[in-house]
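Participant: Please find one structure pasted underneath; my questions will follow.
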Amino acid sequence: MEKLKISSSPHILSKKTVSGIMLDVIIALLPAAIASILIFGYRSALVIGVCVTFAVLSEFLFQKIIKTKVLVGDLSACVTGLLLALNLPVSIPLWQAALGSVFAIVVVKGLFGGIGKNFANPAITARIMMLIAFTGTMTAFTAPLSPDLTSTATPLEALKAMGTELPSLKDMFLGIRGGSLGETCAPALLIGGIYLIFRGIISWTTPVCYIGTVFVLSLIYGGMDFALYQVLAGGLILGAFFMATDYSTTPTRPWGKVIFGVGCGIITSAIRFYGSYPEGVSFSILLMNIITPYIDKWTRPTPIGGNK
Amino acid sequence: MKNNLRVLLNGFVKENPVFVLLLGTCPTLATTTSVVSALAMGLAAAAVLVCSNAAISLLRKIIPDKVRIPAYIVIIAGFVTVVQMLMEAYLPSLYEMLGVYLALIVVNCIVLGRAEMFASKNTVGASILDGAGMGLGFTLALLCMAIVREVFGAGSFAGMEIPFISDYTVPILVSPPGGFFVFGVLIALVSALGKKPSKEEFGCEGCPNASLCKGECGKEKA
């Protein structure tokens, strides 16, 4: 009888660890980061470096100060910093980028209990905070491939203004356009997203529903060309693959993910077509983050033998 | 004498009306965008608080219990009108700056709360001290918030620009969301530094849940 040992559940352990998942996300974001350096020049590397450094440092110091276990090794702060950097324009003053990273880690994540307990996506929330706080510098987008950082309108602003010249669809796809660091280069983002889906880190449901909803609504609103521009413009692809799939702030069940994706798509399109801001991806993801607990409640499965 | 001093100092930190009792949140958020308006608001409220506390304490045996709240509001509104007229006459620019919030001191929960919790049960002298302490505590809290918000949000202090900081301002602090943020952080700071008043000291009169719990909350621990 001595050989029979009973331990508490879980009995089957998966090989997935938090740091492993986060490492995969970093690998998936690397193409977009490299593309941003190619498109916007070396300053984007500087912005990424500042964001990642301050995110990791603030996580370390915060956990030291409140005397909890220091979990910097799980790389989640690194991912948050990287995601935030990819959501910023290249000309952002570095102190603002650093402040945004600290806000993401300390206020959005740390104060709510750390990794897995935050209800809103830290990078998205920090970006919105910065958009409201530093509207001027956050919307000063620079033209791609220009050494002297000339400012330009983003395609979404151009679509709204009517009559301003739009980049060609090929340039749109390759990311030769104004915008945030990591949001412009569609192939790089798609490579990263597909890598994550194949590794089983994210499911295809949310991104497909999200982008699909925006495409269909744009098709109805303004025709085929307009719809293609809408899908390629702004932070849609980046948001759909990397932000709307965050574990702790989005629904866990498949149908919940569908609701989440479609909801994000509707809000994004509504803000883009009728709102005063040109872009609605970050607002839509934050709003859907907030109702995620309800979506999880609606889509809770009935256990076998359980009463309906 | 020692007791009187304690009554006066209570309002500063231990029972600070804004950061510990969480009263008067509306004027706190609305008037702390600049140091000048915060100071004016705090002192105006403090003046009303001292006068109304004194008057209510004098009349505490005459006012029938059933109509005490309307009676308090009439007394408070009288003093607010006096302060308002004085400010309009002698400090017109401040009067313009505070706008509707000056008249809203009538329904400021600190003034009404101290009338109900303290002045209706204590002597005139102690009530005046309590009013002064609470009023100055309110002013102090408003100043703290206004300094954080104006210095880091607008890069100035009482309208004077600060050379280095004005290049690195965070304008969101001056707007309402930033106000809530500073408010939350300061509440956390005060409750981390100071000892919270226990339920016995705080009393059921000042507790918004009193009608629901009927004094049961204190018994839980025992």
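Participant: I'm told residue B:197 meets every condition in (1) assigned to a helix (DSSP H, G or I); (2) within 17 Å of residue B:16 (Cβ to Cβ); (3) modelled with pLDDT under 80 except one. Can you identify the failing condition by its number?
Facilitator: (1)
Participant: Could you count how many residues in segment B:83-108 are surrounded by 13 or more Cβ atoms within 10 Å (Cβ to Cβ) and assigned to a helix (DSSP H, G or I)?
Facilitator: Restricting attention to segment B:83-108, the residues satisfying the condition of being surrounded by 13 or more Cβ atoms within 10 Å (Cβ to Cβ) are B:83-84, B:86-88, B:91, B:94-95, B:97-98, B:101-108.
Still in the list and also assigned to a helix (DSSP H, G or I): B:83-84, B:86-88, B:94-95, B:97-98, B:101-107.
Of the residues in segment B:83-108, 16 are surrounded by 13 or more Cβ atoms within 10 Å (Cβ to Cβ) and assigned to a helix (DSSP H, G or I).
Participant: So, one more: Restricting segment A:219-231 to residues that are modelled with pLDDT of 85 or more and among the hydrophobic types (A, V, I, L, M, F, W, C), which is nearest to residue A:83 (Cα to Cα)?
Facilitator: By that ranking, first place goes to A:231.
Participant: Taking residue A:122 and the conditions (1) modelled with pLDDT of 90 or more; (2) more than 15 Å from the chain's Cα centre (by Cα), which numbered condition does it fall short on, given that it satisfies the others?
Facilitator: Residue A:122 satisfies every listed condition except (2).
Participant: So residue A:37 fits all but one of (1) touching a helix residue (DSSP H, G or I) at 6+ places or on another chain (Cβ under 7 Å); (2) surrounded by 22 or more Cβ atoms within 10 Å (Cβ to Cβ); what number is the exception?
Facilitator: Unmet condition: (2).
Participant: Within segment A:270-287, can you find the residues that are part of a helix (DSSP H, G or I), within 17 Å of the chain's Cα centre (by Cα) and either surrounded by fewer than 24 Cβ atoms within 10 Å (Cβ to Cβ) or in contact (Cβ under 8 Å) with a residue 60 or more places away in the chain (or both)?
Facilitator: Selection gives A:282, A:283, A:285, A:286, A:287.
Participant: Let me ask something else about it. Of the conditions (1) at pLDDT below 90; (2) within 22 Å of residue A:141 (Cβ to Cβ), residue A:284 clears all except one; give me its number.
Facilitator: Here residue A:284 meets the rest and fails (1).
Participant: Additional query: (1) in contact with a helix residue (DSSP H, G or I) (Cβ under 9 Å, 6 or more places away or on another chain); (2) more than 24 Å from residue A:191 (Cβ to Cβ); (3) of a type in the set (Ser, Thr, Tyr): which one isn't true of residue A:17, the others all being true?
Facilitator: Just one mismatch for residue A:17, condition (2).
Participant: Right, another one. Filter segment B:110-128 down to the residues that are surrounded by 24 or more Cβ atoms within 10 Å (Cβ to Cβ) and of a type in the set (A, V, I, L, M), then identify the one that is farthest from residue B:55 (Cα to Cα).
Facilitator: Within segment B:110-128, the match that is farthest from residue B:55 (Cα to Cα) is B:110.
Participant: Quick check, is residue A:195 among the hydroxyl-bearing types (Ser, Thr, Tyr), more than 23 Å from residue A:30 (Cβ to Cβ) and assigned to a helix (DSSP H, G or I)?
Facilitator: no
Participant: How many residues are closer than 24 Å to residue A:176 by Cβ and polar (S, T, N, Q) if we restrict to segment A:12-63?
Facilitator: Counting residues in segment A:12-63 that are closer than 24 Å to residue A:176 by Cβ and polar (S, T, N, Q) gives 2.
Participant: Just wondering, is there one or more residues in segment B:61-72 that are part of a helix (DSSP H, G or I) and within 20 Å of residue B:138 (Cβ to Cβ)?
Facilitator: yes
Participant: Could you check segment A:104-123 and list, in sequence order, the residues that are in contact with a Leu (Cβ under 9 Å, 6 or more places away or on another chain), part of a helix (DSSP H, G or I) and either under 21 Å from residue A:39 (Cβ atoms) or of a type outside the set (A, V, I, L, M) (or both)?
Facilitator: Scanning segment A:104-123 gives A:122, A:123.
Participant: For segment B:18-61, which positions are under 15 Å from the mean Cα position of the chain (by Cα), more than 28 Å from residue B:92 (Cβ to Cβ) and aliphatic (A, V, I, L, M)?
Facilitator: Scanning segment B:18-61 gives B:20, B:21, B:22, B:23.
Participant: Would you mention how many residues in segment A:173-189 are under 26 Å from residue A:97 (Cβ atoms) and either small (Gly, Ala, Ser) or surrounded by fewer than 24 Cβ atoms within 10 Å (Cβ to Cβ) (or both)?
Facilitator: Total meeting the criteria: 10.
Participant: Pick out the one residue from B:123, B:81 that is of a type in the set (Ser, Thr, Tyr) and touching a residue at least 60 places away in the same chain (Cβ under 8 Å).
Facilitator: B:123
Participant: Of all residues in segment A:84-103, which are among the hydrophobic types (A, V, I, L, M, F, W, C), within 14 Å of chain B (Cβ to nearest Cβ) and not in a helix (DSSP H, G or I)?
Facilitator: A:92
Let's see how each residue does on (1) within 14 Å of another protein chain (Cβ to nearest Cβ); (2) over 15 Å from residue B:31 (Cα atoms); (3) in a loop (DSSP other than H, G, I, E, B):
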site	(1), (2), (3)
B:128	no, yes, no
B:135	no, yes, no
B:142	no, no, no
B:149	yes, no, no
B:153	yes, no, no
B:169	yes, yes, yes
B:185	yes, yes, no
B:192	yes, yes, no
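Participant: Within segment A:166-175, is even one residue part of a helix (DSSP H, G or I) and modelled with pLDDT of 85 or more?
Facilitator: no
Participant: Filter segment A:238-267 down to residues that are of a type in the set (Val, Ile, Thr), surrounded by 24 or more Cβ atoms within 10 Å (Cβ to Cβ) and modelled with pLDDT of 90 or more, then give me how many there are.
Facilitator: Here the count works out to 0.
Participant: Here is a further query. Before we move on, is residue A:50 over 29 Å from residue A:198 (Cβ atoms), among the aliphatic types (A, V, I, L, M) and outside any helix (DSSP H, G or I)?
Facilitator: no
The values are calculated or read from the model by the stated rules, or taken from the named source; none is laboratory data. Since this is a predicted model, take the numbers as computed values, not measurements. Positions of Cβ are generated from backbone atoms using ideal geometry, with glycine treated the same way; all protein chains shown enter the neighbour counts.
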